[in-house]
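A quick write-up on the structure given underneath.
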């Protein structure tokens, strides 16, 4: 019998925010230790899908079955973090170790080593003592990605981690995620960037809360399917 290489299974998942239905019967499978890109127009249900997987939004129907080993880490967009939060960059990244130590236990030498490594990977060591709210959007986003990586999770969820960032920040984030992938982490990444999606191992294409297509990016992100997902006229 072949080993199960599925990290996560969604079976008929539906979800709502109040009266508004945001996911409509999504059934999909995410491969273990690979990158799954989640693609679609604004309002397609991409972030809602991550919220369901993370347990932030309970499904109104269907099921989520997780097989990926280890913890789950969720990296939100930097715009969702308050600018007035009184915390330094290093402390932000250190929060990623709470899943291992709890809020009140002292960090170990190993924890501190992980924190410094994650700061270095995202090139934010030099600003580690600055307050998070004083940083540019790109610096804040790198700090949040570093926090996610510090959790050493088996399943890493990222909501548009490189949206609006310059090439340097995007490259640092992509390289850091590549290292996590090589270490066996399963990654689910929401993105509007079709070039990023095409470099993934697996792809989900959503429209209006429904799954339009799933599979290798080359077979999912065809011209006709992308036009359908964005509600554009097809090119004859």
So, of the residues in the stretch 80-93 that are in contact with a strand residue (DSSP E or B) (Cβ under 9 Å, 6 or more places away or on another chain) and surrounded by 13 or more Cβ atoms within 10 Å (Cβ to Cβ), which turns out to be modelled with the lowest pLDDT? 87
Under 8 Å between Cβ atoms, which residue pairs at least 6 apart in sequence (or on different chains) link something in the stretch 11-24 that is in the same structural domain as residue 64 (by TED's automatic domain parsing) and at pLDDT below 95 with a partner that is crowded, with 16+ Cβ neighbours inside 10 Å and assigned to a strand (DSSP E or B)? none
What's the number of the condition residue 109 fails, among (1) surrounded by fewer than 20 Cβ atoms within 10 Å (Cβ to Cβ); (2) touching a strand residue (DSSP E or B) at 6+ places or on another chain (Cβ under 8 Å)? (2)
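Residues checked against (1) over 14 Å from the mean Cα position of the chain (by Cα); (2) closer than 30 Å to residue 129 by Cβ:
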{"position": "23", "(1), (2)": "yes, no"}
{"position": "46", "(1), (2)": "no, no"}
{"position": "57", "(1), (2)": "yes, no"}
{"position": "61", "(1), (2)": "yes, no"}
{"position": "88", "(1), (2)": "yes, yes"}
{"position": "91", "(1), (2)": "yes, yes"}
Any residue at all in the stretch 43-54 that is in a loop (DSSP other than H, G, I, E, B), modelled with pLDDT of 95 or more, surrounded by fewer than 16 Cβ atoms within 10 Å (Cβ to Cβ) and assigned by TED's automatic domain parsing to the domain that holds residue 193? no
Anything in the stretch 198-215 that is farther than 17 Å from residue 45 by Cα and touching a helix residue (DSSP H, G or I) at 6+ places or on another chain (Cβ under 7 Å)? List them, or say none. 198, 200
Take the residues in the stretch 223-236 that are part of a loop (DSSP other than H, G, I, E, B) and touching a strand residue (DSSP E or B) at 6+ places or on another chain (Cβ under 9 Å), then tell me which one is surrounded by the fewest Cβ atoms within 10 Å (Cβ to Cβ). 231
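The values are calculated or read from the model by the stated rules, or taken from the named source; none is laboratory data. Just so it is clear, the model here is predicted, and its values are computed rather than measured. Don't worry about glycine lacking a Cβ; one is built from the backbone with ideal geometry, like all the others, and counts go over all protein chains shown.
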